[in-house]
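Student: Take a look at the following structure, please.
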Amino acid sequence: MNWNVPDIIIVTGVVAYVLVIALYITAKRREVGDEFRHAVRAALAGILPAPGAAPGPAEMTCLAAALPAIEAAVARFRPFISFTERRAFDEAWRRFQLSTAMAGALSTGSPPPATVEGGEHPHLPIYQGVEALLRFAR
C-alpha cells in the first residue's frame, strides 16, 4: 500500500482524535470517582461506629438518612464504571444496601431483610461494604 501525505495526515488526525477522547474519558472518570469518594465519605462522616462494633439505633437512623445521598452518588458514578467492572460494582452496592438493612434490623430487633442468592444473609460489616464501593473509585 502506498501512503501519500493526505492519507498520513488523515490517519494521524484520527489517532489524535481517539487519543484526546480517551484522555477526556479517563480524566472525567477520575473526577467523578473523586466526587463519589467525597460524597460517600461525607454522607457517612460521624455516623459509623468503631470498626467491628454493631451500629446502634441512633447510628442506624443517621445511616438511613444518609442512604439517599449515597444512592445519588452511586447513580452519578455508575455510568463511568467500565462494562467489565459494572457487575461487580452492582454486586458491591447491593451487598452494601443489604448489610445496612441487616445492621438496622439487628440494632432495632426487627426481622432481617431478604436473603441473597444461595440463601445466606449478607453478614458483611458496613465498613467492608463501604470499602468495596470505594475500591471502584480508585
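Student: Are any residues in segment 55-87 touching an Asp or Glu at 6+ places or on another chain (Cβ under 8 Å) and of a type in the set (Phe, Trp, Tyr), and if so, which ones?
Tutor: 77, the sole residue that qualifies.
Student: Also, quick follow-up: Which one is surrounded by the fewest Cβ atoms within 10 Å (Cβ to Cβ), of the residues in segment 44-61 that are over 16 Å from residue 99 (Cβ atoms) and modelled with pLDDT of 75 or more?
Tutor: 46
Student: Next up: Does any residue in segment 26-41 that is aromatic (Phe, Trp, Tyr) come within less than 6 Å, Cβ to Cβ, of a residue that is assigned to a helix (DSSP H, G or I) six or more places away or on a different chain, and which pairs are these?
Tutor: Partner pairs satisfying both residue conditions: 36/73; 36/77; 36/137.
Student: Out of segment 1-24, which residues are of a type in the set (S, T, N, Q) and assigned to a helix (DSSP H, G or I)?
Tutor: Matches in segment 1-24: 12 only.
Student: Also: Can you tell me which residue among 101, 27 is over 15 Å from the mean Cα position of the chain (by Cα), modelled with pLDDT of 80 or more and part of a helix (DSSP H, G or I)?
Tutor: Answer to the check: 27.
The values are calculated or read from the model by the stated rules, or taken from the named source; none is laboratory data. Bear in mind the structure is a predicted one, so any value in this text is a computation, not a measurement. We place every Cβ from the backbone using ideal geometry, glycine too, and count neighbours over all the protein chains shown.
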